[in-house]
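Written below as structure tokens is the structure these notes are about.
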Amino acid sequence: MDLDALAGCLTSSSCLVTQTTSGLIIGMLLFLVAVGLTLIFGVLKVVNFSHGAFYMFGAYFAMTAYQLTGSFALAMLAGAAGTAILGLIFERVFMSRVYGADVLMQLLVCYAFVLIFDDVVRLIWGPEFRSMGMPAAFQVMPLFIAGGVVPPYYLLLIGVALVAAIVLGIGLSRSRIGKVIRAAAHNPGMVSALGINTGLIYGGVFALGGMLAGLAGALAAPVRSLTPGMGFSVLIESFIVTVIGGMGSILGALIGALLLGLIRSYGSLGFPLFTEGLMYLFMVIVLVSKPTGLFGKEAA
């Protein structure tokens, strides 16, 4: 425990900017993964334990596309589109067969594919650590805000995640497709009776969740090491985010992810050996005070 370091940071504008920015990028990456997880749970009522694998594939797809084309825009597109297609195939071929099954059965299927996907990555890209590297466009001088150092790429990452959050929120609340998705989440039988293909909705939601996780992986690729199994730690933290924010709540996923990112960032200063414990402790405090999470709703 190093409370002096934490107190010194809180009284220093440069340290505040640096640590807050670091917390925001952690939080935004977690949000993109967690919001897909909470969407899939909210509509399909499935806890997708294999969701972290889509984050991993997004990073590897982006790295490969960048190495082939040299374009970071195409790399992000490849990461997002590739995982959307993978998610659609995975849902139609495998997950659709366990809807309504026992939760343990769903978890076993998902966990089996966690191991399968990790081995697929080892077969294609190898078991060693890989690095995409920072795109040339962002290999520039960092920005100095109130004495704090902010790499330009961090601003892009935060901006893309914010745009995704806004588009997702508006799309689900105001568009016709969003209203159909919300109706399917509450009463799929009635939606089906109205002649709407619920299977197509489920596949689309799963693909959207996979795309968001893949986008997170693509955005993380320039600043994180790539390795088989890299999605598992992100998955655990994403579950913490959804539990804190409330299962099925997009706003809860955003707030929970930001809080968790800031806890990790500042916790690494004051409690360097207990940073992981701080996240779980915060989750326990939230659940004890509000079992449904910050923005979760009681089951009807």
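The values are calculated or read from the model by the stated rules, or taken from the named source; none is laboratory data. The structure presented is a predicted model; accordingly, all values stated were derived computationally and were not measured. When we count neighbours, we look across all protein chains shown, and the Cβ atoms used for this are built from the backbone with ideal geometry, even at glycine. Side chains are part of the model used for accessible areas, which takes the heavy atoms of the whole protein and leaves out ligands, DNA and RNA. Shrake-Rupley method; radii C 1.70, N 1.55, O 1.52, S 1.80 Å.
Points to keep in mind about this one:
- Acute angle (nearest 10 degrees) that the helix 51-69 long axis makes with the longest principal axis of the chain, alpha-carbon atoms: 70
- Longest stretch of the chain clear of exposed loop sites (GluC sites (Glu not before Pro), DSSP loop, at most 10 other Cβ atoms within 10 Å, sites excluded): 129-297.
- Sum of side-chain charges, Ala216 neighbourhood, beta-carbon under 15 Å (Lys, Arg +1; Asp, Glu -1): 0
- Cα shape, the range 70-196, gyration tensor, a/c 1.5 rule: oblate
- Cα gyration tensor category, rounded, prolate or oblate, for the range 201-247 with a/c compared to 1.5: oblate
- 0 to 90° range, to nearest 10: angle between helix 103-125 axis and the chain longest Cα axis: 60
- Among Gly214, Gly203, Gly178: highest mean-square fluctuation, GNM of the chain, C-alpha pairs under 10 Å: Gly178
- Helices in the chain, meaning DSSP H runs of at least 4 residues, each add -39500 (n - 2.57). Divided by all residues, the mean residue ellipticity at 222 nm is -25000 deg cm²/dmol.
- Virtual paramagnetic centre 7 Å along Cα→Cβ of Leu281, amide N under 18 Å, in the range 243-262: 244, 259-262
- Sulfur and carbon atoms: percent of accessible area, the chain [1.4 Å]: 71
- Between helix 275-289 and the chain there is an angle of about 50 degrees, using the helix long axis and the longest principal axis of the Cα atoms.
- Residue of Ser265, Ser50, Ser175 that the Gaussian network model of the chain assigns the largest fluctuation, springs spanning Cα pairs under 10 Å: Ser175
- Largest first, the extents of the alpha carbon coordinates of the chain on the three principal axes equal 61, 50, 36 Å.
- When the surface is traced with a 1.4 Å probe over the full set of protein chains, Cys110 keeps roughly 0 Å² accessible.
- Inter-centroid distance (Cα atoms) of the range 40-88 relative to the range 145-209, Å: 15
- Net charge over other residues, Cβ less than 14 angstrom from the Cβ of Ile196 (K, R count +1; D, E count -1): +3
- A Gaussian network model of the chain, with springs between Cα atoms under 10 Å, assigns the largest mean-square fluctuation among Gly87, Gly261, Gly148 to Gly148.
- With R₀ fixed at 51 Å, the C-beta to C-beta distance from Val93 to Asp2 puts the FRET efficiency at about 0.50.
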